[in-house]
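Worksheet: the structure to be examined is printed underneath.
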Amino acid sequence: MLHHTPLITTIVGSLVFAFALGILALRLKLPPLVGYLMAGILVGPFTPGFTADSQIAPQLAEMGVILLMFGVGLHFSVKDLLSVKSIALPGALVQIVLATLLGCGLGWLLGWPLGEGLMFGLALSTASTVVLLKALQDREMEQTEDGKIAVGWLVVEDLVMVLTLVLLPVFSGVLGGKGETGVSGGAVLWTITLTLGKVAAFVALMLLVGRRFLPWMLERIVYTGSRELFRLAVLSTALGVAYGASLLFDVSFALGAFFAGMVVAESPLSHRAAEETMPLRDAFSVLFFVSVGMLFDPQVALKHFPEVLATVLIIVLGKSAGAYLIVRLFRRPHHSALTVAASLAQIGEFSFILAGLGVTLGLMGSLAQSLVLAGAIVSILLNPFAFIPVDRLRRAEATPG
């Protein structure tokens, strides 16, 4: 019977293992997400015993990303986003370039072609939405200036990765993968223009139409007196806008949900909307960490330990050091630089998508893809420890005298 219910089996198995190992992690004075990742490894295809469905789990995790970004958008405004654009836009772009160059350098040392090194570097350059936001929420930092910079940085990274995913198939042949080797400047310009046009059209639609309609709709639902309908309206808005943005405008689920949240934030009911989505958001964010753990093959870490170590060093030290210096160059305080550096010292969902696309296009081999996955797991495990200096500094600043 269980073999005919893969969705139920995956949800139940993932949550039960995550709960058990989350409790164990707390007992060992470790962050619960360490337990969630370990649960993913245990229910993954590379370890014996119970195995969750590896096709369903990532889709469940994507819902967690949508609800999490929607929740952040509910506490974020267009004004907040514009207030940090002067550092988030150039900072994210420079940091992506630096991380990509570091990845290319490791690829060169390993004897990889330029195209593979470039794909590898790009996969290491973008941080995980869920990990970054969960770290900020656990510390109640989403509404601080440092938190807003980190979220703005994340939005810019998402926009760059959306454009990258569209352009990679166009340049695949030139970089040594599958596809046409001759790419005209006109074709590239058209692809970039079309992608940016779609993103701009989505943002305009949300700000001009959604900004009026969505708050109005929620207010009408409240008048019915049905809490169930209000909760359903909020969830439908988050998931529906995210899916529609992806389907019609080629915008990522995360970015679509974020803008949906920002629009709903215009309503006086935004705090209630955040409360209604919190239980599902927390449950699905746990499923995200479990799905990440399922990707990890322990044999890779054993067979290619030096390569895995180098990859982790690029993510945890190289990226974070680069981000710290960039923020300081913009004359921001030490605590802002530390927060952004810690937030970006990991990789996640876009990295998996880029690695998968790289393999499909023939630009990335199985070893490079495995290193990206291993780097993601280890960097997410280490990320809570990257916030230790941030926590100490905040406690010191909060202590009188």
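Brief remarks on what is shown
- If you filter segment 281-309 down to residues that are surrounded by 19 or more Cβ atoms within 10 Å (Cβ to Cβ) and aliphatic (A, V, I, L, M), you find that the one that is nearest to the chain's Cα centre (by Cα) is V292.
- Scope segment 23-48; condition assigned to a loop (DSSP other than H, G, I, E, B) and at pLDDT 85 or above; matching residues: L28, G44, P45, F46, T47, P48
- With a requirement of 1 or more residues that are crowded, with 21+ Cβ neighbours inside 10 Å and small (G, A, S), the helices (runs of 4 or more DSSP H) lying completely within segment 320-401 that satisfy it span 320-329, 334-343, 349-360, 366-386.
- Residue match in segment 295-310 (condition: among the basic types (K, R) and under 30 Å from D53 (Cβ atoms)): yes
- Lone qualifier among V162, V170, V131 - being in contact with an Asp or Glu (Cβ under 8 Å, 6 or more places away or on another chain) and not hydroxyl-bearing (S, T, Y): V162
- One residue from L101, L110, L114 being in contact with a Cys (Cβ under 9 Å, 6 or more places away or on another chain) and closer than 30 Å to V308 by Cβ: L114
- Selection within segment 63-77 - crowded, with 23+ Cβ neighbours inside 10 Å and not in a loop (DSSP other than H, G, I, E, B): G64, V65, I66, L67, L68, M69, F70, G71, V72, G73, L74
- Test set (1) touching a Gly at 6+ places or on another chain (Cβ under 8 Å); (2) modelled with pLDDT of 90 or more - Y324 fails condition number: (1)
- Subset of segment 195-215 (residues that are surrounded by fewer than 17 Cβ atoms within 10 Å (Cβ to Cβ) and either at positive phi or touching a residue at least 24 places away in the same chain (Cβ under 8 Å) (or both)): L196, A201, L207
- Verdict on L82 being under 16 Å from E157 (Cα atoms), out of contact with any Phe, Trp or Tyr (no Cβ under 8 Å at 6 or more places or on another chain) and surrounded by fewer than 23 Cβ atoms within 10 Å (Cβ to Cβ): yes
- Matching residues, segment 249-297, being part of a loop (DSSP other than H, G, I, E, B) and in contact with a Leu (Cβ under 7 Å, 6 or more places away or on another chain): A265, S267, L269, L295, F296
- The residue pairs whose first member lies in segment 139-162 and is in contact (Cβ under 8 Å) with a residue 60 or more places away in the chain and within 10 Å of S343 (Cα to Cα), whose second member is assigned to a loop (DSSP other than H, G, I, E, B) and among the aromatic types (F, W, Y), and whose beta carbons are closer than 7 Å, counting only pairs six or more residues apart or on different chains, are V151/F76.
- Cβ-Cβ under 7 Å pairs, at least 6 apart or on other chains, segment 259-283 side hydroxyl-bearing (S, T, Y), far side in a helix (DSSP H, G or I) and surrounded by 23 or more Cβ atoms within 10 Å (Cβ to Cβ): S270/L74; S270/V264; T277/L67; T277/F70; T277/G71; T277/V234; T277/A238
- Residues of segment 36-53 satisfying the condition of being more than 23 Å from K134 (Cα to Cα) and either crowded, with 24+ Cβ neighbours inside 10 Å or polar (S, T, N, Q) (or both): T47, T51, A52
- From L21, L60, residue being under 13 Å from V290 (Cα atoms) and free of Cβ contacts under 8 Å to residues at least 40 places away in the same chain: L21
- Residue in segment 300-315 that is part of a loop (DSSP other than H, G, I, E, B) and either in contact with a helix residue (DSSP H, G or I) (Cβ under 6 Å, 6 or more places away or on another chain) or within 14 Å of F120 (Cβ to Cβ) (or both) present: yes
- Leading residue by the ranking (farthest from I8 (Cα to Cα)) among those in segment 31-54 that are free of Cβ contacts under 8 Å to residues at least 12 places away in the same chain and not small (G, A, S): P32
- Selection from segment 336-353 of residues that are in contact with a Ser or Thr (Cβ under 7 Å, 6 or more places away or on another chain) and at pLDDT 85 or above: A341, A342, L344, A345, Q346, I347, S351
- Residue match in segment 122-129 (condition: surrounded by fewer than 22 Cβ atoms within 10 Å (Cβ to Cβ) and assigned to a helix (DSSP H, G or I)): no
The values are calculated or read from the model by the stated rules, or taken from the named source; none is laboratory data. Note that the structure is predicted; figures quoted are calculated from it, not measured. Cβ coordinates were reconstructed from backbone atoms using ideal geometry, including for glycine residues, and neighbour counts include every protein chain displayed.
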